[in-house]
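The values are calculated or read from the model by the stated rules, or taken from the named source; none is laboratory data. None of these values were measured; they are calculated from a predicted model. Cβ coordinates were reconstructed from backbone atoms using ideal geometry, including for glycine residues, and neighbour counts include every protein chain displayed.
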Amino acid sequence: MLLLAGMLVACNNDEPTPSGGTAIQVKSEADRTILIGAENGKVYNMKDGSVYASLPGCTKIANMTMHGEDYYVAGNSSDMGLTYWVNGEAVKQNVSGNTYDIARSFDNIYFLAVDTKAAIYRNGSRINETLDIGVPVALAANGENFYAVGNEVQVPKLWTKSGVTDLDKGGTSAHATSIDLRANSQGITHYISGYKIATVNGIEITSPCLWRNGTLLTLPLNFTDQEKNNNVYRSGQGLDVAHLGQKTYVVGYRTDGVDRRATVWISSTDDDDDVKTYWQADGNVDAKAQSVLVYGADVYVMTVERNRMTNTYCTRIWMNHELKGTVNGIVGVDFVVI
């Protein structure tokens with residue numbers, strides 16, 4: 001999951017604004033740098049595929065976020081214990097554990113971690129009693145408010161200052177994957193991506209979904225007639241979520257039981273759900289949309305593809321449905337635009 005840099009879209013839709021902070025000037029597309037965090041603990045520059053930063057002690061990146069020209073990374077450390085990274089430099093907490101997600105709000109840095117159980121830290125200090133949300137996956141923050149999601153035995157959970165609540169499972173099991181916030185004068189709206197789980201003839205089937213302030217929406221798969229004839233076990237998953245104005249973007253994949261298709265679901269308070277496929281499988285390649293973020297008025301999506309014949313990977317970045325770059329040989333986890 002990528003928290004949208006703690007950013008809110010200003011009224012003119014030209015400037016992203018940190019939660020409660022001063023507007024950050026949006027760079028022109030030519031001046032933007034896109035950084036991809038990979039499974040191997042390194043950060044790559046999308047422009048030329050070079051290693052932008054080898055994070056000290058990082059064995060696996062979990063999530064990333066940005067604020068202006070600064071970028072932040074949560075992940076696993078080999079021998080340094082609970083650690084996050086700022087602009088490539090390690091910040092150690094002197095306790096054992098891993099960080100799962102990171103967010104910046106005002107001048108505060110929040111991160112979601114597991115030391116003994118799930119915990120939230122602000123500027124290096126624990127700000128809560130330990131509450132059990134199972135395996136933590138994502139965090140968002142606005143001012144003094146934090147929102148974290150996790151999963152405990154296929155029960156998605158939302159953790160706020162008020163405590164932990166179970167999300168609606170829609171009569172089945174479910175799994176939360178990411179969270180995004182929209183704050184305005186009416187309050188804070190939280191969006192959570194994920195998927196519902198059912199079993200058909202002993203086979204697990206997943207359906208992509210979105211929770212909007214706790215209300216569960218099942219997202220359409222919209223397979224073609226030919227795809228429907230291929231396999232009855234059609235499913236999908238929502239892996240990340242972001243918003244721009246009144247539109248909400250959930251990215252993930254659909255599958256007919258053979259290959260995955262990197263997919264974005266676009267929902268609005270005014271329109272019916274729309275589904276766009278960023279990349280269409282050609283029979284040899286499997287793809288998913290892993291992460292989404294909004295920068296100014298542009299929507300970026302990262303996809304990860306695997307060639308089934310050669311078992312090789314590549315990671316692609318798209319802006320407004322247009323391919324912007326490809327880095328071969330890496331499995332992207334998250335990305336930022338700085």
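Points to keep in mind about this one:
- Within the range 74-110, considering residues that are touching an Asp or Glu at 6+ places or on another chain (Cβ under 9 Å), within 18 Å of residue 136 (Cα to Cα) and hydroxyl-bearing (Ser, Thr, Tyr), the one modelled with the highest pLDDT: 110
- The residue list 84, 121, 110, 52 contains one member that is under 22 Å from the mean Cα position of the chain (by Cα), hydroxyl-bearing (Ser, Thr, Tyr) and under 18 Å from residue 180 (Cα atoms), which is 110.
- For the range 312-322, the tally of residues that are in a strand (DSSP E or B) and under 19 Å from the mean Cα position of the chain (by Cα) stands at 6.
- Criterion violated by residue 307 - all others in (1) at pLDDT below 95; (2) within 21 Å of residue 63 (Cβ to Cβ) satisfied: (2)
- Filter pass, residue 276 being at pLDDT below 90, surrounded by fewer than 20 Cβ atoms within 10 Å (Cβ to Cβ) and not in a loop (DSSP other than H, G, I, E, B): yes
- Within the range 285-313, the set of residues being among the hydrophobic types (A, V, I, L, M, F, W, C), without any contact (Cβ under 8 Å) to a residue 60 or more places away in the chain and in contact with a Gly (Cβ under 7 Å, 6 or more places away or on another chain) comprises 289, 304.
- Taken as a whole, the condition of being at pLDDT 95 or above, closer than 19 Å to residue 138 by Cα and hydroxyl-bearing (Ser, Thr, Tyr) applies to residue 71.
- Residue within the range 329-336 that is among the aromatic types (Phe, Trp, Tyr) and either touching a residue at least 40 places away in the same chain (Cβ under 8 Å) or closer than 23 Å to residue 41 by Cα (or both) present: yes
- In the condition set (1) modelled with pLDDT of 95 or more; (2) of a type in the set (A, V, I, L, M, F, W, C); (3) assigned to a loop (DSSP other than H, G, I, E, B), residue 23 is compliant with all but (1).
- Filter pass, residue 261 being in a strand (DSSP E or B), within 26 Å of residue 205 (Cβ to Cβ) and either modelled with pLDDT under 95 or over 14 Å from the mean Cα position of the chain (by Cα) (or both): yes
- Strands (runs of 3 or more DSSP E) enclosed by the range 159-223 - at least 2 residues per element that are out of contact with any Asp or Glu (no Cβ under 9 Å at 6 or more places or on another chain) and surrounded by fewer than 22 Cβ atoms within 10 Å (Cβ to Cβ): 163-166, 173-184, 187-200, 203-212
- Unmet requirement for residue 151, which otherwise passes all of (1) of a type outside the set (Asp, Glu); (2) farther than 24 Å from residue 187 by Cβ; (3) modelled with pLDDT of 85 or more; (4) more than 16 Å from the chain's Cα centre (by Cα): (4)
- Residue match in the range 218-238 (condition: in contact with a strand residue (DSSP E or B) (Cβ under 9 Å, 6 or more places away or on another chain), touching a residue at least 60 places away in the same chain (Cβ under 8 Å) and not charged (D, E, K, R)): yes
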